[in-house]
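Written out below as structure tokens is the structure these notes cover.
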Amino acid sequence: YADPPADVLEFFRTAADALATDNASAFLEKFDRNLPEYATLRTEVQSLLAAYDVGSTIEVVSDEGDNQKRSLELDWLLLTSEKAANHGASATRRRIVKCRIERRGKQWKITALEPIDFFKY
């Protein structure tokens with residue numbers, strides 16, 4: 001596979017950074033609010049970040065599309081550890097996440113993501 005364009009890689013890098021820096025709003029800004037399960041996603045991400053420190057890495061497995069719309073498969077890794085406890089539970093989640101992104105003005109937005117429950121609290 002050819003590497004995705006630099007702006008697409010940067011888009012997902014900043015999404016992962018938003019999770020790692022506990023910034024739910026910056027992460028959710030990456031999503032089109034018309035995404036069918038946006039309200040569920042927002043609730044789950046906010047709950048997840050309230051309870052856990054999250055590390056996140058995203059690698060592109062497949063990428064198709066053009067400068068306006070792209071369909072990607074992402075190897076997404078989430079490392080979570082409880083905030084409240086010194087030696088709290090930690091967990092690793094890893095899934096192939098399918099998503100579509102579309103340009104909205106100059107910005108990419110995620111317009112479809114599955115499974116949404118990957119971010120379940």
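What's the longest uninterrupted piece of the chain once you rule out the GluC sites (Glu not before Pro) that are loop residues per DSSP with at most 16 other Cβ within 10 Å? Write out the running numbers ahead of the final one.
Working: sites that count: Glu29, Glu37.
Looking at the chain, 38-121 is the longest stretch - no exposed GluC sites (Glu not before Pro) with at most 16 other Cβ atoms within 10 Å.
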### Query
Whats the longest run of the chain with zero trypsin sites (Lys or Arg not before Pro) that are DSSP loop and have at most 13 other Cβ atoms within 10 Å?
34-82
#### Entry: Carbon and sulfur %, accessible surface of the chain computed with the full protein complex present, 1.4 Å
45
### Task
Compute the accessible area per residue over the chain, keeping the other protein chains in place, probe 1.4 Å, unit Å².
58
### Proximal lysines relative to Lys98, as straight alpha-carbon distance under 27 Å, when same-chain residues fewer than 8 apart are discounted
Lys30, Lys69, Lys106, Lys109, Lys120
#### Entry: Top of Gly55, Gly105, Gly65 by mean-square fluctuation, Gaussian network on the chain, Cα under 10 Å
Gly105
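Compute the signed sum of charges (Lys and Arg +1, Asp and Glu -1) over the other residues within less than 9 Å, Cβ to Cβ, of Glu73.
-1
The values are calculated or read from the model by the stated rules, or taken from the named source; none is laboratory data. Since the structure is predicted, the reported quantities are computational estimates derived from the model, not experimental observations. Using ideal geometry, Cβ is built from the backbone for each residue, glycine included, and neighbour counts are taken over all protein chains shown. Keep in mind that these areas ignore ligands, DNA and RNA; they rest on the heavy atoms of the full protein, side chains included. Shrake-Rupley method; radii C 1.70, N 1.55, O 1.52, S 1.80 Å.
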